[in-house]
Amino acid sequence: MSDYPRDMVGFGSEPPHADWPGGARIAISFVINHEEGAESCILNGDAQSERYLCDLGPVEAVPVVGGRDLNAESMFEYGARAGFWRLWRIFTEASVPVTVYGVGMALERTPEAAAAMIEAGWEVAGHGYRWIDYRDVSEEVERAHLKQCIDAIAETTGARPVGWFSGRRSIHTRRLVVEEGGFLYDSDGYSDDLPYWNTDHGRAHLVVPYSRNNNDLRFATGGVYTGGDFFAYLRDSFDTLYAEGADHPKMMSIGLHNRIIGRPGRAGALLRFLDHVRKHDGVWFARRREIAEHWHRRHPYFE
């Protein structure tokens, strides 16, 4: 099975001791996906309207081909106009650091939000130039969008991104990221509770895994409906990882979207979770960049 292109073993029964700063039992990474304004829309030159990850029910979640879906568009507008600022206030008042997965076009259309991210000390990682499924485009288009995203983030925030997350990635994505260079990590993986090294593309490349279960996308795709459901799942995930962290410290990623968790009826779940976590010692709130830098120092790749 040496030619099988998947790693089904990982760290095995004895994962490495993460050795988080301060002897923390768990590293917590909050991620805000900033995508509004870059979604599928004929105003952006697309053939149809967006239907993914917004509050459209199963009957409504059918794309409008060749026309505009003003309901879907306004839901994305809510994320930029109101949801982002609600999350910005929550995290800045709590002094909790955040990584933003920034879509290039979205940042270009929300320069005030981009400035607020930098003012708060948040990391902005690359999330594509468009918020689209990169399995549906050519390798050449994906490569061009990667470069456009880097340029857009550098222009709107003043710094080149060192992290990457496509989300709906293609079979080319990680290779393109490695070939581009300048990245400490990507997060296009869900296969562990710790960072890990990937060597598929000519050199050691760090993956800081993300989460689609500790993620508010469940409000839009099914699985949870109330803020209480979301809080309970996050709490149980944290409690398990925190207990394991007595011997084997882990990391926990929480994925958020302006237009989803930014709604009033859901934001309370985030506040409740923050209150729960802050009752515990040995918690390291970190940007993904800091997690990657720590792993590069403490767990470098060896042949």
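Read the figures in this text as sums done on the coordinates, not as results from a lab. Quick caveat: nothing in here was measured; it's all calculated off a predicted structure. Positions of Cβ are backbone-derived with ideal geometry, glycine not excepted, and every protein chain shown enters the neighbour counts.
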Cβ density ranking, 10 Å radius, fewest first, applied to L271, L53 yields L271, L53
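Helix-only estimate, please: 222 nm mean residue ellipticity of the chain, summing -39500 (n - 2.57) across DSSP H runs of length 4 or more and dividing by its residues, to the nearest 500. List each step's numbers first, then the result.
On the way: 10 runs with 109 residues, N = 303.
-11000 deg cm²/dmol, from helical runs alone.
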If R169, R212 are placed from fewest to most neighbouring beta carbons inside 10 Å, the sequence is R212, R169
If each part is reduced to its alpha-carbon centroid, segment 110-171 and segment 280-294 end up apart, in Å, by 22 Å
Once phi for every residue in segment 151-158 is put through the Karplus expression 6.51 cos²θ - 1.76 cosθ + 1.60 (θ = phi - 60°), the whole-Hz ³J(HN,Hα) values, with Gly and Pro written as x, are 5, 5, 5, 4, 6, 8, 10, x
Going residue by residue through segment 210-222, the Karplus relation 6.51 cos²θ - 1.76 cosθ + 1.60 with θ = phi - 60° gives ³J(HN,Hα) values, rounded to whole Hz and with x marking Gly or Pro, of 9, 9, 10, 9, 7, 8, 5, 4, 5, 5, 9, 10, x
For segment 105-120, in residue order, the Karplus 3J(HN,Hα) values (coefficients 6.51, -1.76, 1.60; θ = phi - 60°; whole Hz; Gly and Pro = x) are 5, 5, 5, 4, 8, 9, x, 5, 5, 4, 5, 5, 4, 5, 4, 7
Between D236 and D275, the two model label points (7 Å from Cα along the beta-carbon direction) sit apart by a distance in nm of 2.1 nm
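Quick check on the exposure proxy: order V141, V103, V178 from fewest to most C-beta atoms within 10 angstrom.
Fewest-to-most Cβ neighbours within 10 Å comes out as V141, V178, V103.
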